[in-house]
Amino acid sequence: MNGFWEWLRRLFGGGRIGPSRRYVIAVDPGHGGKYSGATVDHPLQPGQKVLEKDITLQIGLKMAQLLRGDGHHVVLTRDRDAHLADDLNGDLRQRADMANTVGAEVFVSIHCNSAENPDASGIETYHFPNSTQGRALADHIQRQLTQAFPDHRNRGVKAENFAVLRWTNMPACLVETEFLTHRESLLFLLEEQNQNRIAAAIRDGIYAYFGE
């Protein structure tokens, strides 16, 4: 019976008992505004483009809704299609500063991957080099995502000196949810039901990090 309820929870992104205490969580939907991120042709709508910034925003908003539903204080670095500064470094700095200012306990940046090789696919999560707690957060989130989507390639947990990981004061990670440049993965990311499941898996990874 427990397996059945776990399946329902992962399918619909709900049905779980909330954690024992409330947390301050920073959710960073990657890119936004003039920073579109990866851009690819829509696989089903000729002449239309798919922008990374749009998918990351949808997942980020869904994450915030789930976390707030459990009573947490969620700081979204953006809740609409907007950039935070006119230069890229300033934009990234603002994202980190927002999390630092509110004293967020974790920071999760959401992205979609891309590659020149159209066969590249899978899920991977990054942490700042030598950050023990950042690595732990990334491990938990990667584990939840790959358990939720076992048919997707597990590209593992990696260390990288990304600006939003370098400038944040709390445990932080950056999630590459799948590849926009891989046709099946792109179709996967465009499905709202999958966005819900991604958001729920990342949430569960955050809770696992906190020991919930």
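The values are calculated or read from the model by the stated rules, or taken from the named source; none is laboratory data. Everything numeric in this text was worked out from a predicted model, so none of it was measured. When we count neighbours, we look across all protein chains shown, and the Cβ atoms used for this are built from the backbone with ideal geometry, even at glycine.
For Asn89, state whether it is touching a Ser or Thr at 6+ places or on another chain (Cβ under 7 Å) and over 19 Å from Glu178 (Cβ atoms). Spell out the reasoning first.
Values: touching a Ser or Thr at 6+ places or on another chain (Cβ under 7 Å): no; over 19 Å from Glu178 (Cβ atoms): yes.
It is false that Asn89 is touching a Ser or Thr at 6+ places or on another chain (Cβ under 7 Å) and over 19 Å from Glu178 (Cβ atoms).
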Number of the exception - Gly211 against (1) over 24 Å from Ala115 (Cβ atoms); (2) in contact with a helix residue (DSSP H, G or I) (Cβ under 6 Å, 6 or more places away or on another chain): (2)
Residue within region 40-47 that is at pLDDT below 95 and among the hydrophobic types (A, V, I, L, M, F, W, C) present: yes
Positions within region 79-108 being more than 25 Å from Pro19 (Cα to Cα) and either in contact with a strand residue (DSSP E or B) (Cβ under 9 Å, 6 or more places away or on another chain) or among the aliphatic types (A, V, I, L, M) (or both), in sequence order: Arg80, Asp81, Ala82, His83, Leu84, Ala85, Leu88, Asp91, Leu92, Arg95, Ala96
Residue check for Ala115: of a type outside the set (Ser, Thr, Tyr), in contact (Cβ under 8 Å) with a residue 40 or more places away in the chain, within 21 Å of Phe188 (Cβ to Cβ) and surrounded by fewer than 18 Cβ atoms within 10 Å (Cβ to Cβ): yes
Answer from Leu145, Leu92, Leu174 - the residue that is out of contact with any Phe, Trp or Tyr (no Cβ under 8 Å at 6 or more places or on another chain), buried (at least 18 other Cβ atoms within 10 Å of the Cβ), modelled with pLDDT of 95 or more and within 26 Å of His72 (Cβ to Cβ): Leu145
Hey, Glu52 of a type in the set (Asp, Glu) and buried (at least 20 other Cβ atoms within 10 Å of the Cβ) or not: yes
